[in-house]
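> What follows is a structure written as structure tokens; I'll ask about it next.
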Amino acid sequence: MARICIYGAGAIGCYLGGRLAAGGDEVGFVGRTGIGEELRQHGLTLTQYDGRDWRVPPEAIAFSTEPAAAAAAELILVTVKSGGTAQAAAELAGVVQPSAVVISFQNGIGNADALRTALPGRSVLAGMVPFNVVKRAPGAFHQASEGEPEVEDSSTLVPHLADFTSAGFALRRHRDMLPVQWAKLIFNLNNAVNALSGLPLQQELAQRDYRRCLALAQTEALMLLAQAGIRPARLTPLPARWIPALLRLPDALFARLARKMLAVDPLARSSMADDLAAGRKTEIDWINGEVVSLAQRLGQQAPVNARLTAIVHMAEKQKAPPRWSGEALLAELREGAPQP
């Protein structure tokens, strides 16, 4: 049985687990049958935006569809979509050993808390993956933007730090993950805009009207976070509160000042765009929906993020979701939007 278990073998799970396996660790993957067959046939090919690459041959991959595969793991990375957290928590509760360390590398804010509730007495840590992972071919996953995994610091993490070092990750540890999670979520508010645009991220962000849509969603979230006394962590050279102003700049000026934001794989799309295109449920409730929930806790409203959430839910029900132009989406969101 593998010492490290990836619970949720999607793009993020395969990339993290593949890097750990390439670094010499015993890694097992738990996921759906389809990805299991893919990995048994093709193995894992991992590439990075800076040109580095790693390879894990099929014979070196341990894959299972059964939760019991996590029973002997000392470190479990939960990488299922947020909508699958409750099920994953219930499955792990029946098999995970008391001494195991569980890290939630998922979008949203409350997944680690859900896992803690289901796994009392275990060490459950919040984590965050800041970079985008693109599936380029069967078994081939590409890290399309820069960043390193971020995790809640704990003494229980110490025995596993060498695993991440061997994998080439500069694991970033934080005493308080909430500001880090909110900082990532503010950037992830673009997932809905990107999904509705139908465009690769690079093309979408190059168009001012789409950026204005994102700026509206971010401004609303930042105003609510200020009321709640939460200051998002600084994940980029610019503080989070300055990003909406950058997004509103004319295209040519934005392209000069925001080169890193545009430095993603030309074909990369948000995970929400991939889910919508594949007819899967999205994580909209755990991204824009988190802003709506925060507003409700404060006795406020979040009309921009609420509208984006509703539009994506409507798109989920359509076999061929319509593509929104930047102009049309901006007009839809402007009514009732907070002023910066």
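> Can you say what percent of the DSSP beta bridges in region 74-150, counting only those with both residues inside, are antiparallel? Round to 5.
Percent antiparallel among DSSP bridges in region 74-150 is about 35.
> Still on this model: For the chain, what is the accessible area per residue in Å² when the probe is 1.4 Å? Before the final figure, lay out the partial values.
On the way: 15010 Å² over 340 residues.
Ligands and nucleic acids excluded, the figure is 44 Å² per residue.
> Using semi-axes √(5λ) of the Cα gyration tensor in Å as the read-out, say which of [x] 43, 22, 18; [y] 36, 22, 19; [z] 33, 22, 19 was calculated from these coordinates.
Computed from the coordinates, semi-axes √(5λ) of the Cα gyration tensor in Å corresponds to [z].
> Can you give the FRET efficiency to the nearest 0.05 for ASP176 and ALA90, using r as the Cβ-Cβ distance and R₀ = 30 Å? Let's see the in-between values first.
Numbers: r = 28 Å, r/R0 = 0.92.
The value I calculate is 0.60.
> Using the beta-carbon distance between PHE169 and ARG334 and R0 = 35 Å, what value does 1/(1 + (r/R0)^6) give for FRET efficiency, to the nearest 0.05?
Efficiency, rounded to the nearest 0.05: 0.30.
> A follow-up question, please. Mind pulling the angle between the C-alpha long axis of helix 208-228 and the longest principal axis of the chain? Nearest 10 degrees, somewhere in 0 to 90.
80 degrees
> A further question on this structure: Could you give the length gained on full extension between GLN300 and ALA278, defined as 0.36 nm per residue of separation minus the Cα-Cα distance, in nm? Write out the running numbers ahead of the final one.
Values: separation 22, 0.36 × 22 = 7.92 nm, distance 3.42 nm.
Working it through step by step, the gained length comes to 4.5 nm.
> List the residues of region 180-220 whose backbone N lies under 15 Å from a point placed 7 Å from the Cα of LEU253 along the Cα-to-Cβ direction.
208-209, 212
> Still on this structure: State the three equivalent ellipsoid semi-axes of region 130-264, derived from the C-alpha gyration tensor as the square roots of 5 times its eigenvalues, in descending order and whole Å. Can you show the working numbers first?
Details: eigenvalues 154, 90, 31 Å².
The three semi-axes for region 130-264 are 28, 21, 12 Å.
> Okay, next question. Counting DSSP beta bridges with both partners in the chain, what percentage is antiparallel, nearest 5? Show your work: numbers first, answer last.
Numbers: 10 of 37 bridges.
Taking every DSSP beta bridge within the chain, about 25 percent pair in antiparallel fashion.
> Could you pull out every one of the aspartates and glutamates with an alpha carbon less than 12 Å from that of LYS81, ignoring same-chain neighbours closer than 8 positions?
Within the straight-line limit of under 12 Å, LYS81 reaches these aspartates and glutamates: ASP275, GLU283, ASP285.
> Using label points projected 7 Å from each Cα along Cα→Cβ, tell me how many nm separate LEU246 and THR65, to one decimal.
Taking the simple label geometry, LEU246 and THR65 are separated by 4.4 nm.
> Using r as the Cβ-Cβ distance of GLN203 and SER99, and R0 as 56 Å, what FRET efficiency do you calculate, to the nearest 0.05?
Values: r = 48 Å, r/R0 = 0.85.
After rounding, the FRET efficiency stands at 0.75.
> Hey, another quick one. Between ALA72 and LYS317, what is the spin-label point distance in nm, taking each point 7 Å from the Cα along the Cα→C-beta axis?
It is 4.8 nm.
> Write down Rg/Rh for region 84-189, rounded to two decimals, with Rg from the C-alpha atoms and Rh from the Kirkwood relation over Cα pairs.
Details: Rg = 14.5 Å, Rh = 14.9 Å.
Looking at region 84-189, the ratio lands at 0.97.
> Pull up the DSSP beta bridges for region 120-231 and report the antiparallel fraction as a percent, rounded to 5.
Values: 6 of 9 bridges.
DSSP beta bridges in region 120-231 are roughly 65 percent antiparallel.
The values are calculated or read from the model by the stated rules, or taken from the named source; none is laboratory data. Since we're looking at a predicted model, the values are computed, not measured. Positions of Cβ are backbone-derived with ideal geometry, glycine not excepted, and every protein chain shown enters the neighbour counts. With ligands, DNA and RNA removed, areas are computed over all heavy atoms of the protein, side chains included. Shrake-Rupley method; radii C 1.70, N 1.55, O 1.52, S 1.80 Å.
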